[in-house]
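Beneath this line is the structure, given in structure tokens, with notes to follow.
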Amino acid sequence: MIDTVKLDQILPLVEKPGRYIGKELGSVKKSTDLPIRFLFAFPDVYEVGMSHLGSIILYHMTNARSDTYAERAYAPFPDMQEQMKKMGIRLYSLETYTEASAFDIIGFNLSYEMCYTTVLSMMDLAGIPLLARERKEGPIIMAGGTCTYNPEPLADFIDLFVIGEGEEVNHELLDLYVRHKKKGLNKQAFLKDAAKIPGIYVPSLVQVEYCTDGTIAAIKGENLPVKKRFILDMDNAYYPDSLIVPNIEIVHDRVVLEIFRGCTRGCRFCQAGFIYRPVREKSLQKLMAQAHQLIKQTGYDELSLSSLSSGDYSCIEQLSVRLLDEFEDQHVSPSLPSLRVDSFQKEYAQKMQNARKTGFTFAPEAGSQRLRDVINKNVTEEDILRGVGYAFESGASTVKLYFMMGLPTETTKDLDDMVELVSKIREVYYRLPKEQRNGSLKINVSAASFVPKPFTPFQWEAQDTTQQLREKQNYLKEKFRSLKGVRFAYHDSPISFLEAVFARGDRKLGKVLWYAWQQGAQFDSWQDCFKMERYEKAFELAGIDPCFYAYRSRDVEEILPWDHIDCGVTKEFMQRELRRAKAGKTTPDCRQGCLRCGFEEVCVKK
Amino acid sequence: MRVCVKFSREGFCKYLAHLDIQRLFVRAIKRAGIPAKYSSGFNPHMNISFAYPLGVGIETLGDYFEFVTTRDIDVVQAQKQLQEQMPEGFSVVAVGQLCDTEGKLMALTQQAEYRLEKLPMQFMDWMKSFLQEKSYHIRRERKGKIQTIDIRPSVRECIFLTQQSLCLWVDCSSGSALNPTLLLKQAAEVCKQEITAQVIRLELYTQKNGSMLPLQTLFG
Ligand code: SF4
């Protein structure tokens, strides 16, 4: 255990000390004398990590085992790190204030590329050697989450990756660990056996060979490719009946109900839309039971739904109506997706009016129909104008619009069309009779820079250069300036550039991460913490050209750094989708007919 | 029915802020199934109001808040139900009914009693000289303006318990209030060294028939 007297001395000196104390209702108390002590480590602050539903589910699931005590640690913010270092306090768990280095296994959640340096800084704060090959003893370091579909940039640091959903494979892994621990743990032997479990990837057992031009010549190893794991039956999958109720306000401070996994729409830029296939829904009964149980146990007064596209849930109307009805007198307000106008029942529409207004958001993603066809975002200008029209009629005067810049094949004409679309939306508002308008119109336009991701049809495409993106930003900024009531916001391009580098990076980037961390990089998704110079220096020290990863378009025959990971959707399907994109052809939602993306066995059986 | 809750918070939970505590009790009341009254309007919410907000870093054995229920409740039962819903470090000391004719808790509160522990010698000496003074002016910034205020009258009584601990009675109302950590800060400035201590609020008082009584006497 860490010295809590010292901790008591530094907590008054840091911002939001409530982040570092634990002691929440619902956090698990157990004997520390169990075969496995497992630490869930989240490479961001408490408020962000506690809002990550997946890792909270796994925390409770792991604690349901009688042989394991799972605890949590979040990344101390730089002010706290400084104080901890001064006092000689190492990274510790929130449940028992045990040093991270005393755990058997530490499991990191990787949700976005810009958290990688924070992983390193947490390991350093724990006093654990960063390089996997230098750790002969001490905790096994594992990682799971969205970014593990291309785990290569972290291959030097992590002992094993879990690819896919953890509900089953985590148990298999812990069972194996217990067996190994009984006979005296030998890390190498354990990792060898772990690699035989489907969905477990041990990078040190895989060799990568390169061509002289820096591309990959071969990926060699046993048990390849590593197939992603996923559960089939959402109704019978583990789901906790109690959650931790945080003592301080977190990002999603409410009951979050996961209604289904996967997505059938096939937007070509969206990684989640492919890696989380196939679609698996929870039944209405199950969801209502979970909603009631969790509201009762937590005392939250808000509830929201989680999925990639909640409006697509097959019983979304019944679910919405029941949530509104059954929680009305419990003072719980559900946040619900805005449904298509034609599917609205009068009564429901009325109730929605009374429910908490979450604001109206639309995501056309691209400005022109041509470009929307390229990315397979199957929404027309008519759909969008009808949607905002309804929003305005029901009293809204603020709408949010999400676009992307730098999409494959984009030209100035597409940007002009974006501006045109926004001005049409303004017209819809000003066509309303004055009495019906609710104050002056505000349109918040947000344009993110497109980042090509692995396991999408655009994984072979080049990203726009930072220079090109800046020009596009300025162009749009200028154009939007003349439209009154329009606020134009864009994400800074250096971060999108780095995301593109690490999302499609190979293991050589481990060096870059290490140097960047040495230059002080961590919490890179926090604007105040991020400094591009650190990465520039790191690329230089590592002798690596980042443009090779971000700006190069790949041949479809090239061996990609993540080719030994199998997300279930076939490469043939991705190539077919890329060809259709280039031809400007859309692909329908596969609920209307299977497109044979690779999950036929599951989908057709259903 | 007007319900009053007396609670304590000890240990690291002292690092929670006032708004956190408020949220925590609203949820606890909801989980306990106590029929609290909600405000009407577009966004109904449960109103709970505290006698006097507690600063970050201070422990307490006697803090209070009040709220209204939609029907009469059994206060003994309510104390048990609420206690079951407390996270580690918090405890529900008592629950009672407040008379409707009584003012708001916030308006009733006049003094607070604190115990300061683990105090360094330098502070004890400074405190003794402080008590000798008739007035003690400090400068502070409020809304961008520098003010000079006299803090000496706010300290009503001080009893030295041991070489390192003392008990303080200070003003604690909207008109005049003193946070004991301000004394630590003053002493630190004078002695030119860091001074830390464990600060525990013991009780809140109201004036009744000429004497100071714990708020709890209003309902128990
Ligand atoms: S297998 Fe067919 S139905 Fe299933 S996700 Fe793929 S395309 Fe859709």
What average number of partner chain Cβ atoms lie no more than 10 Å from the Cβ of the residues making up B:19-30? 4
On a straight-distance basis, which aspartates and glutamates could pair with B:K6 in a cross-link, Cα separation under 16 angstrom, same-chain partners fewer than 8 positions away excluded? B:E59, B:D63, B:E66, B:D74, B:E84, B:E113, B:E203
So what is the relative contact order for region A:108-182, in percent, with contacts set as C-alpha pairs under 8 Å and at least six apart? 30 percent
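In µm²/s, what is D for region B:2-107 at 4 °C and 1.567 mPa s, where D = kT/(6 pi eta Rh) by Stokes-Einstein and Rh is the Kirkwood radius from Cα pairs?
Rounded to a whole number, D works out at 92 µm²/s.
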Could you work out how far helix A:532-542 tilts from the main Cα principal axis of chain A, as a 0 to 90 degree angle to the nearest 10? 50 degrees
Shielding of A:7-13 by partner chains, average beta-carbon count, 10 Å: 3
Under 8 Å for C-alpha pairs, at least 6 residues apart: give me the relative contact order for chain A, rounded to a whole percent. 14 percent
Give the Rg/Rh ratio for chain B, taking Rg as the radius of gyration of the Cα atoms and Rh as the Kirkwood radius, to two decimals. 1.00
Under 8 Å for C-alpha pairs, at least 6 residues apart: give me the relative contact order for region A:4-227, rounded to a whole percent. 16 percent
Each residue of region B:101-108 in order: what ³J(HN,Hα) in whole Hz does its phi give by Karplus 6.51 cos²θ - 1.76 cosθ + 1.60, θ = phi - 60°, with x for Gly and Pro? 6, 5, x, 5, 3, 4, 6, 7
Degrees between helix A:166-182 axis and first principal axis of chain A (Cα, 0 to 90, nearest 10): 0 degrees
Suppose only helical runs count, i.e. DSSP H with n ≥ 4. What mean residue ellipticity at 222 nm does that imply for chain A under -39500 (n - 2.57) per run, divided by all residues and rounded to the nearest 500 deg cm²/dmol? -10500 deg cm²/dmol
What is the dipole size for region A:4-227, taken about its Cα centre, with +1 at each Lys and Arg Cβ and -1 at each Asp and Glu Cβ, in debye to the nearest 20? 740 debye
Excluding ligands, DNA and RNA, what is the solvent-accessible area per residue of chain B at a probe of 1.4 Å, expressed in Å²? 50 Å²
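With +1 on the Cβ of every Lys and Arg and -1 on the Cβ of every Asp and Glu, and nothing else charged, how large is the dipole of chain A about its Cα centre, in debye rounded to the nearest 20?
520 debye
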Dimensionless Rg/Rh of the protein assembly as shown, both radii on Cα and Rh by Kirkwood, sits at 0.99
For the protein assembly as shown, percent of DSSP beta bridges that are antiparallel (nearest 5) comes out at 55 percent
With θ set to phi - 60°, apply the Karplus curve 6.51 cos²θ - 1.76 cosθ + 1.60 along region A:64-74 and write out the HN-Hα couplings as whole Hz, x wherever there is a Gly or Pro. 6, 7, 6, 9, 10, 10, 9, 10, 10, 9, 10
Those GluC sites (Glu not before Pro) in region B:34-114 that DSSP places in a loop and that have at most 13 other beta carbons within 10 Å: none
Mind listing, in residue-number order, the residues in region B:49-92 that have at least 30 Å² less accessible area with every protein chain present than in their own chain alone (1.4 Å probe)? B:P87, B:E88
List the cysteines of chain A that have no other Cys Cβ closer than 4.7 Å: which are they? A:C115, A:C147, A:C211, A:C263, A:C315, A:C529, A:C547, A:C567, A:C590, A:C594, A:C597, A:C603
When A and B pair up, the total accessible heavy-atom area removed from solvent (1.4 Å probe), in Å² to nearest 100, is 2100 Å²
Tell me, what % of the accessible area of region A:4-227 is carbon and sulfur with a 1.4 angstrom probe? 52 percent
Just the number, please: percent antiparallel of the DSSP beta bridges in region A:4-227, rounded to the nearest 5. 30 percent
Using the heavy atoms of the protein chains and a 1.4 angstrom probe, tell me the accessible area per residue for chain A in square angstrom. 42 Å²
Mind pulling the angle between the C-alpha long axis of helix A:466-481 and the longest principal axis of chain A? Nearest 10 degrees, somewhere in 0 to 90. 40 degrees
Cα-based Kirkwood hydrodynamic radius, region A:4-227, one decimal, Å: 18.2 Å
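The values are calculated or read from the model by the stated rules, or taken from the named source; none is laboratory data. Computed from a prediction, not measured in an experiment: that's the story for all the values here. Because the Cβ atoms are built from the backbone with ideal geometry, glycine has one as well, and the counts that use them run over all protein chains shown. Surface accessibility is based on the protein's heavy atoms, side chains included, excluding ligands, DNA and RNA. Shrake-Rupley method; radii C 1.70, N 1.55, O 1.52, S 1.80 Å.
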